[in-house]
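K.L.:
Below you'll find the structure I mean.
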2 protein chains.
Amino acid sequence: MKIQPITSSTNAVLKKIKGLHHRNLREKQALFLVEGPKCVEEAFQHGVAITDVVVSQTYLQESSAAVQSKLTAVSVVEDKLFKELTTTSTPAGIIAVAKMLPQAGEKVLSRGNPLVLVAHGIQDPGNLGTMIRTALAASATAIVLTKGTVDPYNPKVVRSAMGALFALPMFWDLSFCDAVSLLKRHSLRVVACDAKSSLSYFQSDLSKPTAVIVGNEGHGFDQNDLKQVDEIVSIPMDEKSESLNAAISAAIVLFQAVQQRS
Amino acid sequence: MKIQPITSSTNAVLKKIKGLHHRNLREKQALFLVEGPKCVEEAFQHGVAITDVVVSQTYLQESSAAVQSKLTAVSVVEDKLFKELTTTSTPAGIIAVAKMLPQAGEKVLSRGNPLVLVAHGIQDPGNLGTMIRTALAASATAIVLTKGTVDPYNPKVVRSAMGALFALPMFWDLSFCDAVSLLKRHSLRVVACDAKSSLSYFQSDLSKPTAVIVGNEGHGFDQNDLKQVDEIVSIPMDEKSESLNAAISAAIVLFQAVQQRS
């Protein structure tokens, strides 16, 4: 492994990493950040193309052999300088620059008995990351992100998805209408989760090809959007309760599908 | 409504609030912080005893009438000073000091067909808050926190519980053994969620009085703990997936109980 010390905060690699904290620069370069040993290892395992790896001096001394063995070259910076690179308050000592994955191909929707999660306008990066992680656990075929959903390459999404981002086929930047068209073209039943529906999710047949749509944390769905779906289901809740977290709603309905298919 | 301007950062109320960022001072005074208009309103609605309310100057000018109408007295500070009081990076302009609620009484476990969530060593405050919110939505009777679980009055727990903290009866600071004894004394079937079990959660009968235990995010359960429970269930996951978030696991099993009871 080649070790390249970097001492100046104006170094090009460090500048590139700091730029990737911002969505516009991520999109312009089609690059994103992967932070922490676990997540970097997952990226390697899934064959994500890594262009740069920077570690802190402390990490280099104490790091896990697993990640180090996969690195051909690594830049090392002082711990203080490393803190400027990370987006977490408790930096784990390793950060990688990775190439964005391509959008999923439509053909994944034609295989087997597809189960797709649609994140419609989800705003909280932790929620979206958890939804990606949960969808993979539920053996979902893919996740679809409509326009207005938080950037899936936001560092907090990458972190909370815990490697699932690299494994789950993803479609993004589709209008609601285009997302529904895509799913219907492949004969998926499109089911939206909306608290106002009187049909419980467990009364819905989720055993056939299905897409489950979870809406924005605050305002849910527009009426026009709901007109395009095949069914609207709700999760029955205690009257003292106002709402469920979006990632929790997604999990409850996806795992109902798993149960019905088992 | 009486409005009391505070201009000095050494004012006693401000010092008290800053102290309540720390667990030891919260416990010593049996007080905690409630932040943001929605959460403060929920606290009022649930009859939580509020000792002080501080708002920022901007909030006072623009605030929702709903909260203001319930305030008899409020202290106002400059926006800059307010930032020192809050624990969020995007302060919502209102913070209240509230008295901790008493532990739940055992008799809640004797009513109806109890469903209890046990958070065993949960470390992440966002996870615990989401678990409290989800348990209330699933009409849980109570939540039990074992020793070593994050402080339920941690500001991030309070925030992510979104008012459910004030509505859901709670037992805390019990050893695992004492928690199981409490639940069995009231004839609840004690079910632990552990990924290594070969019994799926939906094959378990959760329709009778049941307690669902979710373990620590990293290491789950000790073998000795598992010997004390009545049943161990798992959530079947895709082989590409390593684990589910603790709050997600809790939600999937609790809502399975809701479904079986409906």
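K.L.:
Give the span of chain A's Cα atoms along each principal axis, as three whole-Å numbers ordered largest to smallest.
P.N.:
Rounded to whole Å, the extents work out to 61, 40, 32 Å.
K.L.:
Between B:Ser198 and B:Gln45, what is the label-to-label distance in nm when each label sits 7 Å out along the Cα-to-Cβ direction?
P.N.:
It is 4.8 nm.
K.L.:
Given 0.36 nm per residue, what is the gain on full extension from B:Glu78 to B:Ser8 after removing their alpha carbon distance, in nm?
P.N.:
24.2 nm
K.L.:
If you don't mind, there's one more thing I want to ask. Please work out the Cα center distance from the range A:169-191 to the range B:166-197, rounded to the nearest Å.
P.N.:
Cα centroid of the range A:169-191 versus Cα centroid of the range B:166-197: 42 Å apart.
K.L.:
Given a 1.4 Å probe and every protein chain left where it sits, what share in percent of the accessible area of the range B:119-174 is carbon and sulfur?
P.N.:
51 percent
K.L.:
If you don't mind, there's one more thing I want to ask. For an R0 of 45 angstrom, estimate the FRET efficiency from the Cβ-Cβ distance between A:Ser175 and B:Gln103 and round to the nearest 0.05. It would help to have the intermediate numbers written out before the result.
P.N.:
Working: r = 51 Å, r/R0 = 1.12.
According to the calculation, E is roughly 0.35.
K.L.:
What longest range of chain A stays clear of loop-exposed trypsin sites (Lys or Arg not before Pro) (DSSP non-H/G/I/E/B, at most 12 other C-beta within 10 angstrom)?
P.N.:
A:1-110
K.L.:
Tell me, what ³J(HN,Hα) does each residue in the range A:136-146 have, in order and in whole Hz, if you take phi through Karplus 6.51 cos²θ - 1.76 cosθ + 1.60 with θ = phi - 60° and put x for Gly and Pro?
P.N.:
Those phi angles translate into 4, 4, 8, 6, 4, 6, 6, 10, 10, 10, 7 Hz.
K.L.:
Probe of 1.4 angstrom, ligands and nucleic acids ignored: what's the accessible area per residue over chain B, in square angstrom?
P.N.:
43 Å²
K.L.:
Suppose we keep just the DSSP beta bridges with both residues in the range A:108-184; what percent of those would be antiparallel, to 5? Write out the running numbers ahead of the final one.
P.N.:
Working: 0 of 8 bridges.
DSSP beta bridges in the range A:108-184 are roughly 0 percent antiparallel.
K.L.:
Can you tally the net charge around A:Tyr59? Count Lys and Arg as +1, Asp and Glu as -1, for every other residue whose Cβ sits under 14 Å from the Cβ of A:Tyr59.
P.N.:
Counting the neighbours of A:Tyr59, the net charge comes to -2.
K.L.:
A further question follows. Once fully extended, how much extra length lies between A:Met1 and A:Glu239, figured as 0.36 nm per residue of separation less the alpha-carbon to alpha-carbon distance?
P.N.:
Values: separation 238, 0.36 × 238 = 85.68 nm, distance 5.95 nm.
Gain on stretching A:Met1 to A:Glu239: 79.7 nm.
K.L.:
Of the DSSP beta bridges with both residues in the protein assembly as shown, give the percent that are antiparallel, rounding to the nearest 5.
P.N.:
25 percent
K.L.:
Additional query: If only Cα atoms are counted, what is the Rg of the range A:105-238, and what is its Dmax, in Å?
P.N.:
Just the Cα atoms of the range A:105-238 yield Rg and Dmax of 13.9, 41 Å.
K.L.:
For the range A:23-103, what is the percent of antiparallel DSSP beta bridges, rounded to the nearest 5?
P.N.:
Percent antiparallel among DSSP bridges in the range A:23-103 is about 75.
K.L.:
Sort out for me the Cα centre separation of the range B:220-242 from the range A:16-47, rounded to whole Å.
P.N.:
Going from one Cα centre to the other spans 33 Å.
K.L.:
May I pose another question? What's the total accessible area buried between chains B and A, using a 1.4 Å probe, rounded to the nearest 100 Å²? Display every interim value, and only then the final one.
P.N.:
Working: alone 12480 and 12490 Å², together 22480 Å².
Counting protein atoms only, the buried area is about 2500 Å².
K.L.:
Residues of the range A:113-139 losing 10 Å² or more of accessible area relative to the isolated chain, 1.4 Å probe, heavy atoms only?
P.N.:
Hits at the 10 Å² cut-off: A:Thr130, A:Arg133, A:Thr134, A:Leu136, A:Ala137, A:Ser139.
K.L.:
May I ask for the Kirkwood hydrodynamic radius of the range B:1-116, worked out over all distinct Cα pairs and given in angstroms to one decimal? If you can, show how the numbers build up before the last one.
P.N.:
On the way: mean 1/r = 0.0657 Å⁻¹.
Here the Kirkwood hydrodynamic radius works out to 15.2 Å.
K.L.:
Same structure again: Just how much of B:Glu62 is accessible, in Å², when a 1.4 Å probe is used and the result is rounded to the nearest 10?
P.N.:
Surface accessible to solvent at B:Glu62 totals approximately 140 Å².
K.L.:
In debye, nearest 20, what is the charge dipole magnitude of the range B:31-184 about its Cα centre with +1 on Lys and Arg Cβ and -1 on Asp and Glu Cβ, if you could check?
P.N.:
400 debye
K.L.:
Same structure again: Rolling a 1.4 angstrom probe over the protein chains, ignoring ligands and nucleic acids, what is the accessible area of A:Ser89 in square angstrom, nearest 10?
P.N.:
Using a 1.4 Å probe on the heavy atoms, I get roughly 110 Å².
K.L.:
So what is the 222 nm mean residue ellipticity for chain B from helices alone, if each DSSP H run of at least 4 adds -39500 (n - 2.57) and you divide by all residues, rounding to the nearest 500 deg cm²/dmol? Show your work: numbers first, answer last.
P.N.:
Numbers: 11 runs with 94 residues, N = 262.
It comes out at -10000 deg cm²/dmol, rounded to the nearest 500.
K.L.:
Using all Cα-Cα distances in the range B:212-262, what percent lands in each 10 angstrom bin from 0 up to the longest?
P.N.:
20, 51, 28, 2
K.L.:
Also, I was wondering about something else. Rounded, prolate or oblate: which fits the range B:160-250 when a ≥ b ≥ c are the square roots of the eigenvalues of the alpha-carbon gyration tensor, with rounded for a/c under 1.5 and prolate only if a/b beats b/c? The partial results should precede the final answer.
P.N.:
On the way: a/c = 1.55, a/b = 1.21, b/c = 1.28.
In terms of gyration-tensor shape, oblate.
K.L.:
For labels at B:Ser110 and A:Leu25 in the simple 7 Å Cα→Cβ model, what's the distance in nm?
P.N.:
Result: 6.4 nm between the two label points.
K.L.:
Taking square-rooted eigenvalues a ≥ b ≥ c of the alpha carbon gyration tensor, is the protein assembly as shown rounded, prolate or oblate, where a/c under 1.5 means rounded and, failing that, a/b exceeding b/c means prolate?
P.N.:
rounded
K.L.:
Summing Lys, Arg as +1 and Asp, Glu as -1, what charge do residues with Cβ under 14 Å from the Cβ of B:Ser9 carry, B:Ser9 excluded?
P.N.:
On the way: positive: B:Lys15, B:Lys16, B:Lys18, B:Lys80, B:Lys83; negative: B:Glu78, B:Asp79, B:Glu84.
That sum, taken over residues with Cβ under 14 Å, equals +2.
K.L.:
Rounding to the nearest 10 and keeping the result within 0 to 90°, find how far the Cα-based axis of helix B:246-261 lies from the longest principal axis of chain B.
P.N.:
For helix B:246-261, the angle is close to 60 degrees.
K.L.:
Give a residue-ordered list of calculated ³J(HN,Hα) values for the range A:196-211 (Karplus: 6.51 cos²θ - 1.76 cosθ + 1.60, θ = phi - 60°; whole Hz; x for Gly, Pro).
P.N.:
For the range A:196-211, the Karplus curve yields 7, 6, 9, 8, 6, 4, 7, 8, 8, 7, 9, 7, 9, x, 9, 10 Hz.
K.L.:
Okay, moving on. Counting only the heavy atoms of the protein chains, how much of B:Thr10 is accessible to a 1.4 Å probe, in Å² to the nearest 10?
P.N.:
Accessible area, nearest 10 Å²: 100 Å².
K.L.:
To continue, here is another question. Return one number: the angle in degrees, 0 to 90 and rounded to the nearest 10, between the long axis of the Cα atoms of helix A:176-185 and the longest principal axis of the Cα atoms of chain A.
P.N.:
70 degrees
K.L.:
Around B:Ser75, under 12 Å between beta carbons, what's the net of Lys plus Arg minus Asp minus Glu among the other residues?
P.N.:
0
The values are calculated or read from the model by the stated rules, or taken from the named source; none is laboratory data. The model shown is predicted, which means the values in this text are computed figures rather than measured ones. So basically every Cβ, Gly included, is an ideal-geometry build from the backbone, and we count neighbours across all protein chains shown. These area figures cover heavy atoms from the full protein model, side chains too; ligands, DNA and RNA do not enter into them. Shrake-Rupley method; radii C 1.70, N 1.55, O 1.52, S 1.80 Å.
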